[in-house]
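Take a look at the structure below.
The values are calculated or read from the model by the stated rules, or taken from the named source; none is laboratory data. Worth saying up front: this structure is predicted, and the values here are computed from it rather than measured. Virtual Cβ from ideal backbone geometry, glycine too; neighbours counted across all protein chains shown.
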Ligand code: HEM
Ligand code: HEM
């Protein structure tokens, strides 16, 4: 009366051990290493943006421009961007592998995840390094720029 | 690797209940970790776009927030705090020789630290968000 496959029966017969890099293992390691680093980066990000001074209330153009003009925060944000997106995308891949049994759908979804992650890494990195903190604005908006623009 | 033997469900109920990933704290922490992970991923996609838009349109925003966003941020911060703390718990389970033995205790430590952090954050954030209303 065995109509249901026994638990832990692999979908495909186990392949003989392959030579070369074990990507699943390094993906697994990456989740843990990036996780530890992200705790510091994200908690720091949240603390500086939400807790210091007036919190969200103080986030305006001048705040963002001031941070992105500072090499320290540029490096911080770049690391956070790359580590978090790759970690998140790899996690989403694990989840599709768990729930999507159709090979074609799996491919489509993993493709979409990879596309979103790569596009946003490129976009986010460009933003960090090409942000113009002192754009040309009408006189009534000059007060919204960071103070160093007026110097 | 030693062979893992899972007792039949009937015996598990009679004994301690659950294994690392089936039933009880082990399973619920995994469910929450998964849900918060997905939520943060989608937030991050939007978040990078919003930071980018500030630049693309040279939109010199005077303010980033409104009360609805403020409440969303509260949920997001709660989610990331849980995911981060439980992530550290997973790492300890995997790399610390006593990790599996203490996984259940560590789950309650995660919950406790989460409550403390969130209690420190939420009132302050809500005051900041709602004192903005009407400005
Ligand atoms: C704050 C620091 C973080 C830590 C310590 C952390 C930790 C972890 C760990 C250890 C795993 C692996 C679980 C496993 O292999 O069983 C994981 C999975 C995952 N993480 Fe994170 N993470 C963090 C931040 C993030 C961020 C920012 C995102 C979203 C962009 C994210 C999304 C995910 C997703 C979607 C998974 C897959 C969940 C699953 O397979 O059930 N995490 N996280
Ligand atoms: C509600 C809480 C949050 C607020 C108010 C917030 C606010 C901001 C602001 C104002 C910036 C502009 C630059 C800077 O400040 O460094 C920024 C950038 C960034 N944030 Fe957040 N953030 C929040 C949560 C998060 C979380 C949870 C993550 C990670 C999962 C994250 C990841 C990033 C990244 C990667 C950038 C750089 C984006 C780029 O490349 O331009 N933020 N955030």
Conditions (1) modelled with pLDDT of 90 or more; (2) within 19 Å of residue A:48 (Cα to Cα) -> residue B:129 fails only (1)
Name the helices (runs of 4 or more DSSP H) wholly inside the stretch A:1-119 in which the number of residues that are in contact with a helix residue (DSSP H, G or I) (Cβ under 6 Å, 6 or more places away or on another chain), modelled with pLDDT of 95 or more and within 13 Å of chain B (Cβ to nearest Cβ) is 3 or more. A:23-46, A:71-99
Of (1) free of Cβ contacts under 8 Å to residues at least 60 places away in the same chain; (2) within 16 Å of ligand 2 (Cβ to nearest atom), residue A:91 satisfies all except one. Which? (1)
